[in-house]
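Every read-out reported here was derived from the displayed coordinates using simple, explicitly stated rules and does not represent laboratory data. The shown structure was predicted, so the numbers you read here are calculated from the model rather than taken from an experiment. Because the Cβ atoms are built from the backbone with ideal geometry, glycine has one as well, and the counts that use them run over all protein chains shown.
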Amino acid sequence: MTDDQNPESVELSPVQPPQTTNIPRRKPVPATNRVSRVERTTTTTTTTGDEQTHELQSQSIASDPDKDLAVESQTVNSGSRRRWFILFAWCLAVIDRVRLGPLEKYLPSDQRKRRYVIAGIIAGTIIALLAIIIGVTVSVLTNSDQNLPLPTSHGGPYSGDLTYYGPALGACGITSSDSDSICAVSHIIFDAVQTGSNPNANPLCGLKMRLRRNEHSVDVTVVDRCVGCKATDIDTTTSVFGKLADIDQGRVNVEWAWLESSPVNVSSIA
């Protein structure tokens, strides 16, 4: 500033206020949207983690089949144990409901001991019934022809000696064993109806007769010819002989009759 200039005459320019720029403000994000974004992020992350875990498990099972079998076996065993437990619980409930009437006073008052006693009674009863059933079945099977009467409509009854032999291929062309219910008739009646040279075609082959002795009877089939037998003697297997007499006796008297029409009149030959 020079000397000629008057400091008072100098006009100061007004200070310009700072101009503000209209910058748009960001609207606040609602809290719900922020939570949703976080949840979506978490869900995505969790889903991705589950998929990776599932893939790893699948790869592990595929690479180790024994592990898969072990898991299945463990599941089956667990189900089996559960079923046995349910059955055991049901049995206990049934035992607790059992009442023995007048015998109740003899049972122990302790519930556990009472269960043991009743379970023993039930088990003993079942075993006894099974023994009776098995015994009756065996008796029926072993003595199915026991004490049957001798028919009279087809000839007989006749009386003769009963013996036993070891059968094989008989005169009728049939191979038999000791356990078979078969017999050989006397050569006298066998030859009486023989019509040709082939004994396999003899009319007596295959005919059935009933043997009876001491209230026991057995049905047998003719398959052979006994050379040493008299007209009414019968030769049979040890199994048949044992049903009618003691095997040590060897020779006993027996009655017999035809169960079918016979082409021979034994009475006229004997």
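Projecting each Cα onto the charge dipole of the stretch 78-213 (Lys/Arg +1, Asp/Glu -1 at the beta carbon, about the Cα centre), which of Thr125, Tyr165, Asn147 comes out farthest on the positive side? Going by the charge dipole, the pick is Thr125.
Using mean Cβ contacts within 10 Å as the protection proxy, how do 146-157, 121-132 order, highest first?
Put in order of decreasing packing, that is 146-157, 121-132.
For the stretch 98-142, the equivalent ellipsoid derived from the alpha-carbon gyration tensor has semi-axes of 32, 10, 5 Å in decreasing order.
For the stretch 118-270, the pair-distance distribution built from all alpha carbon pairs, in bins 10 Å wide starting at 0, is 11, 38, 28, 10, 7, 4, 2, 0 percent. Protection proxy ranking for 107-118, 255-266, using the average of other Cβ atoms within 10 Å per residue and placing the highest first: 255-266, 107-118.
If R₀ is 30 angstrom, what is the calculated FRET efficiency for the pair Asp178 and Asn265, using the beta carbon separation as r and rounding to 0.05?
0.40
If you take all other residues with their beta carbon under 9 Å from the beta carbon of Met209, and give Lys and Arg +1 and Asp and Glu -1, the sum is 0. A simple rule links phi to the HN-Hα coupling: the Karplus curve 6.51 cos²θ - 1.76 cosθ + 1.60 with θ = phi - 60°, which for the stretch 224-233 gives 8, 10, 9, 6, x, 8, 6, 4, 9, 7 Hz, with x for Gly and Pro. The length gained by stretching the chain between His216 and Asn147 to full extension, at 0.36 nm per residue less their Cα-Cα distance, is 24.4 nm.
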